[in-house]
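Quick one: this structure, given as C-alpha cells, is what I'll be asking you about.
The values are calculated or read from the model by the stated rules, or taken from the named source; none is laboratory data. Keep in mind that what you see is a predicted model, and the values were worked out from it rather than measured. So basically every Cβ, Gly included, is an ideal-geometry build from the backbone, and we count neighbours across all protein chains shown.
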Amino acid sequence: MTTKSTTHTTATSGRDAVIVDTVRTPRGRGRPLGASKPGAYAAFHPQELAAHVLLAIVGRNALPPDDLDDVILGCVTQVDDQSANIARHAVLAAGLPVSVPGTTVTRACGSGLQALSYAIMGVMTGAQNVVIAGGLDWAYDFSGILDGRQLSDPKGNGVIYANHCYDNKGDSVYIWIAKMELATAKLPVIVSEFGGTSGPSKREADDNWLLHVLQAIEDHQWSYTAWDLHPRAGPRLISDWNYTPSARFGVFVKQSLAGTLPAYTPPPQTNSPAQ
C-alpha cells in the first residue's frame, strides 16, 4: 500500500472550512440502454461520471492531486453499478494517485449533504486540508431491479423499493404509471417522495400533472410520502409554520389523505410508454 505524509495545521476554534468550487455533470434522461430513446448517460458507468467530475474540479483549480486528503461521495443505493465503494473506484478511474483515499457514505436522501458535512469536520478539526465531497444516485429507474438485481434479503426482514416522482423527470404521468405498474407487480414499492405543480404536464399539455399523480396513487392504492413539509423548500406542502396547506399542492394532498379529493379524469394519452 502506498501512503503519503501530510503536515496538517493545528485545529483551533478559528479554523474555517471554505467551499472553493462546485462541479456537476449536465442533466440527462434516466433511461436504460434498452429503451427506445436511451438516456444521455445510459452507456456510462457511474464511476466514469464521478471520475469526470473529479478531473474537472482538480484541473480547473490547478490542484496538485497529491494534496487531496480525501474524496467523500454520498450514495443511497450502493448496489450493482454503484456498489463496493464507488468513491474509491472513481478516484482510480480518474487516474488520481493511488495514495488519494475515497470513501462512500449513505444517509438516505441526505447522503450528499452528509459527505459535505464530513469534509467540513475534517477541515475544521485540522485533520484534513483539501477534500472533495459530493454525491451520486438515481431514485427513479427500476430497470436494473426488474432485471433481477434486487437487494439480497436472506433473513426475510423485508425490502421496500423507493420511487421519487417529480414533474421535472421529463416523463408524462402515463409513462410513470406504466413504470410503477411493472415494478409493483413484482416488488414492494413506495413512492417515497413526490411533489410538483398543479398545471400542464411537461409531456401532456392538457394534463394536470399533480391531480393525475394523486388519482393514479388512489386508483392503484400505492403508498406515498408527499414532499416537502417546509414553507420555503419546494415543492411546498405548507405556506407557513402554522402548517397552512399551500395552494393546490398542499390543499390537494390534504384532501387526498382525507378522501375528499374530487376524482380527476385525465385526457387521452398522446405519448406511448417508455420501453
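List the helices (runs of 4 or more DSSP H) that sit entirely inside the stretch 31-124 and contain at least 2 residues that are under 18 Å from ALA17 (Cβ atoms) and not small (Gly, Ala, Ser).
111-124
Out of the stretch 225-255, which residues are outside any loop (DSSP other than H, G, I, E, B), in contact (Cβ under 8 Å) with a residue 24 or more places away in the chain and surrounded by fewer than 18 Cβ atoms within 10 Å (Cβ to Cβ)?
Once the filter is applied, which keeps residues that are outside any loop (DSSP other than H, G, I, E, B), in contact (Cβ under 8 Å) with a residue 24 or more places away in the chain and surrounded by fewer than 18 Cβ atoms within 10 Å (Cβ to Cβ), the stretch 225-255 yields only THR225.
Kindly check whether there is at least one residue in the stretch 92-112 that is surrounded by 12 or more Cβ atoms within 10 Å (Cβ to Cβ), farther than 20 Å from TYR161 by Cβ and modelled with pLDDT under 90.
yes
Here is a follow-up. Considering only the stretch 150-172, I want to know if a residue exists there that is closer than 20 Å to ARG248 by Cα, modelled with pLDDT of 75 or more and in contact with a His (Cβ under 6 Å, 6 or more places away or on another chain).
no
Quick one: what pairs do we get from the stretch 159-174, first residue on the phi > 0 side of the Ramachandran plot and in a helix (DSSP H, G or I), second among the aliphatic types (A, V, I, L, M) and surrounded by fewer than 21 Cβ atoms within 10 Å (Cβ to Cβ), C-beta under 8 Å, 6+ apart or different chains?
Cβ pairs passing all conditions: none.
Here is a further query. Would you confirm whether any residue within the stretch 206-218 is at pLDDT below 85 and under 17 Å from SER172 (Cβ atoms)?
Yes, there is a match, as at least one residue in the stretch 206-218 is at pLDDT below 85 and under 17 Å from SER172 (Cβ atoms).
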